[in-house]
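Presented below is the structure to which this report refers.
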Amino acid sequence: KCIIMNQEDIAFNFDETMEFFEINGVLLNNKEKREVYEYTGGWISATYLALLQYYEEKTFDNIPKAAKLIKKTVYDKFDETTKEILLKLSIVENFTLDQAYYITQNRKCNMVIKNLVLNNCFIKFDRKSKLYTLHSIFRNALEEEMEGSHINFYKLNNLTGDWYSQNHNYIKAIEYYYRAKNFEVILDLLESTYLIELRNLSPKIINSIFEEWPIGKKLKRPISYLNYIFFCILQGKTMIGAKLLYETKAIYESDEGLENKNEILGEISVVESFLMFNDVKKMNQYHKKAYELFNGGTSKIANSKMPFTFGSPHILYLYHINKGKLKELVNDFQTEIGYFVHISNGGGAGAEYLMKGEY
């Protein structure tokens, strides 16, 4: 005779949110539909406030009423411990209880969160992922409140970066270290993070770290800098990447006093090989040169985690250009690919058999 109603049961889904606007005479375009649903998250009061805003402004930009309403009716009624915990947690999209304790450094954190889930519709728990999430509007209100608080924003973001780093989520870690202006730790991570992961990093973050630095400062962290150059090339900024790479190469070739000179020149050869992407013979030459410069060692940039086919289901499709040259292409790969496999610790291992099969 009874059912338990959860937050989800009394929230609008996407279609219901759109129907609400249509019933009230507002037809939204696709961009506005996404925008309003991301903002309200199905919260009915927020949807109503968004409707009023749209009537007046014909836009969803700046809906201050929601944040003020939440502050007055919800946030201001919490005790000071709960307020501080919520403010600190507002900097993350979602969190586990362990993460919440690590970020807030408050032993009461777990009890506060569990009480909020039971008594408040602004925080929800996903039983599958074991993650807690603050409602987007509630989080926006907390972020506004954070600006005038006593909380050390940089220390808080650094702690959050530490959490993600310790849990091997290096992209998230870099984002929070960036907010904390902890650039030295970011450079450490850039030296150890697999490049394919860096493609998920905001270009704004990685660009701002390197663009304004003088070349001398960049060369004090050469692996990080070459990873950045490689990042530029993979992002399609080939001309910019090539310019930076050849500038670095010229310095290393002319200055005998630079530390680990051969190792860095080997890494430069690895990156340079990708500028010759459509010429298999040239790529192989650079891999061989890197192999010789490493003197039996391996690359810190190329590794077995790299996508050898760059997402293509067919290796030869990437390289076959000239009619009648396919067999020669396969032979070149089979003869020379061992250099890349060695320097990358197994990257592309077995590709020679796959190419033979494709042929």
key: Ranked packing of 167-176, 308-317, 257-266, most packed first, by mean Cβ within 10 Å   = 167-176, 257-266, 308-317
key: Reference-scaled alpha-carbon Rg (2.2 N^0.38 Å with N residues) for the range 149-291   = 1.14
Calculated SAXS-style log₁₀ I(q)/I(0) at q = 0.13 Å⁻¹ - the range 59-206, Debye, Cα scatterers = -0.64
query = Taking θ as phi - 60°, what are the ³J(HN,Hα) couplings along the range 335-346 by the Karplus curve (6.51, -1.76, 1.60), each to the nearest whole Hz, with x for Gly and Pro?
reply = 6, 10, 5, x, 5, 5, 4, 5, 5, 9, 6, x
message = Output wanted: per-residue J couplings in Hz (rounded whole) for the range 26-41, from phi through Karplus 6.51 cos²θ - 1.76 cosθ + 1.60, θ = phi - 60°, x for Gly and Pro.
response = 10, 9, 9, 7, 4, 5, 5, 4, 4, 4, 5, 6, 5, 6, 7, x
remark   = So the angle from the long Cα axis of helix 109-119 to the longest Cα principal axis of the chain, reported in degrees to the nearest 10, equals 50 degrees
query = What residues qualify as long-range amide H neighbours of Leu131, i.e. H under 5 Å apart, gap of 5 or more or another chain, H built at 1.01 Å from N?
reply = Asp126
remark   = Output for the chain (equivalent-ellipsoid semi-axes, sqrt of 5λ from the C-alpha gyration tensor, Å, descending) is 50, 26, 20
key: Positive-end extreme of charge dipole, the range 241-301 - chosen from Ser254, Met283, Gly296 (charges on Cβ)   = Met283
ask   = Using the beta-carbon distance between Leu69 and His168 and R0 = 56 Å, what value does 1/(1 + (r/R0)^6) give for FRET efficiency, to the nearest 0.05?
value = 0.90
key: Along principal axes, Cα extents of the range 1-87, largest first, whole Å   = 43, 42, 18
Hypothetical label at Ser312: residues of the range 280-294 whose amide nitrogen lies under 15 Å (7 Å Cα-Cβ projection) = 280-284
task = State, in angstrom, two size descriptors of the range 67-115 derived from its alpha carbons: Rg to one decimal place and Dmax to the nearest whole number.
result = 11.0, 31
ask   = When the Cα centres of the range 110-154 and the range 306-348 are compared, how far apart do they sit, in Å?
value = 50 Å
inquiry  = From the phi angles alone, apply the Karplus equation (6.51, -1.76, 1.60; θ = phi - 60°) to the range 42-54 and give each ³J(HN,Hα) in whole Hz, x where the residue is Gly or Pro.
reply    = x, 5, 5, 4, 5, 4, 5, 4, 5, 4, 4, 4, 5
inquiry  = Leaving out ligands and nucleic acids, and using a 1.4 Å probe, what accessible area per residue does the chain come to in Å²?
reply    = 56 Å²
ask   = Sorted by mean Cβ packing within 10 Å, highest first, what order do the peptides 123-131, 335-343, 141-149 take?
value = 335-343, 141-149, 123-131
query = On full extension of the chain, what length is gained from Thr81 through Lys31, given 0.36 nm per residue of separation minus the C-alpha to C-alpha distance?
reply = 14.1 nm
key: Estimated dipole of the chain in Debye, rounded to 20 [Cβ of Lys and Arg +1, of Asp and Glu -1, Cα centre]   = 380 debye
inquiry  = Defining a contact as two alpha carbons under 8 Å apart and six or more residues distant in sequence, what relative contact order in percent does the chain show?
reply    = 9 percent
query = Taking Lys237 as the anchor, which lysines have their alpha carbon closer than 16 Å to its alpha carbon, excluding any fewer than eight residues away along the same chain?
reply = Lys204
request  = Give me the number: length gained by fully extending Asn345 to Ile44, i.e. 0.36 nm times residue separation minus the C-alpha to C-alpha distance, one decimal in nm.
outcome  = 102.9 nm
Accessible surface of the range 138-282 [probe 1.4 Å, protein heavy atoms]: carbon and sulfur percent = 49 percent
message = Could you sort the peptides 28-36, 98-106 by per-residue average Cβ neighbour count (10 Å cutoff), highest mean leading?
response = 98-106, 28-36
note = At R0 = 56 Å the Cβ-Cβ FRET efficiency linking Met239 and Asn295, nearest 0.05, sits at 0.95
key: Cα-based convex hull, the range 211-359, per residue volume (Å³, whole number)   = 111 Å³
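The values are calculated or read from the model by the stated rules, or taken from the named source; none is laboratory data. Just so we're clear, the structure is a prediction, and the values are computed from it rather than from any experiment. In this analysis, Cβ positions are derived from the backbone assuming ideal geometry, glycine residues included, and neighbour counts consider all displayed protein chains. Areas reflect the complete protein model, heavy atoms only, side chains present, ligands, DNA and RNA absent. Shrake-Rupley method; radii C 1.70, N 1.55, O 1.52, S 1.80 Å.
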